[in-house]
Amino acid sequence: MSGKFVTPIIVVNFKTYTEATGKRAVELAQKCDKVHRETKIPVAVAPQLADLARVAEAVSIPVFAQHTDSIRPGGYTGHVLAESVREAGAIGTLINHSERQLKLSDIDQIIRIARENRLVSIVCANNPSTSMAVASLNPDVIAIEPPELIGTGIPVSKAQPEVITGTIKLVREVNKKVVILCGAGISHGEDVAAALKLGTQGVLVASGIVKAKDPYIVTREFADAAKK
């Protein structure tokens, strides 16, 4: 895994929100970078593909692609190549987000290709059994994300804490080393603290930061909670 990926970590998925598109993507990434410099808590960002290079050039924190495809260089128009996101400055990629779900065979292939290109693989999983199956593929990171809680403001660490504890137990039975993150509904510092207390090593967040009235203040709150 890349030396830039240190835990506990806050990974901010920009999705395709207007608030994190184009110039705003750079501005948001710089706010996340500022929080990291102030608190020393790792913060990573995942901008849209079109913004990847400019964001990577503007910040020192880790930058992830939101997706890569299970392809190698060749005739694949409209696909996302691992080599291209690495050249753009990404250190890793999200895989199988609930809004971009994949077959297990494709997840396996993307993890392999990511490893070949020295990219950190963050695989999203929507339930304990899927997380266990993904863990057997040896990704670098698994993010637990029940899709029914995404964007609701209801954190999985509170609404479904048994999902986290149960998933950690199952995952550790097949993979002792994989990093486990908590996603879905993370909106406040207390959500971050709760997720870490349950045994995860960071959070994957989107709207809680991206659509916040002041993203810097919320990111700082998250980082301060991760320090305690």
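Considering the range 74-107 alone, what residues qualify as being surrounded by 20 or more Cβ atoms within 10 Å (Cβ to Cβ), within 19 Å of Val171 (Cα to Cα) and out of contact with any helix residue (DSSP H, G or I) (no Cβ under 7 Å at 6 or more places or on another chain)?
Hits for the range 74-107 are Leu94, His97.
Are there helices (runs of 4 or more DSSP H) fully within the range 102-196 with at least 1 residues that are at pLDDT 85 or above? List them.
Those helices (runs of 4 or more DSSP H) span 104-116, 128-135, 161-174.
Which ones in the range 51-84 are out of contact with any Leu (no Cβ under 8 Å at 6 or more places or on another chain) and not in a loop (DSSP other than H, G, I, E, B)?
Once the filter is applied, which keeps residues that are out of contact with any Leu (no Cβ under 8 Å at 6 or more places or on another chain) and not in a loop (DSSP other than H, G, I, E, B), the range 51-84 yields Asp51, Leu52, Ala53, Arg54, Val55, Ala56, Glu57, Ala58, Glu83, Ser84.
Filter the range 1-39 down to residues that are more than 18 Å from the chain's Cα centre (by Cα) and either outside any helix (DSSP H, G or I) or of a type in the set (S, T, N, Q) (or both) and give me whichever is surrounded by the fewest Cβ atoms within 10 Å (Cβ to Cβ).
Checking each candidate, the answer is Thr18.
The values are calculated or read from the model by the stated rules, or taken from the named source; none is laboratory data. What you are looking at is a predicted structure, and each value in this text was computed from that prediction instead of being measured. Here Cβ is always computed from backbone atoms with ideal geometry, including for glycine, and neighbour counts include all displayed protein chains.
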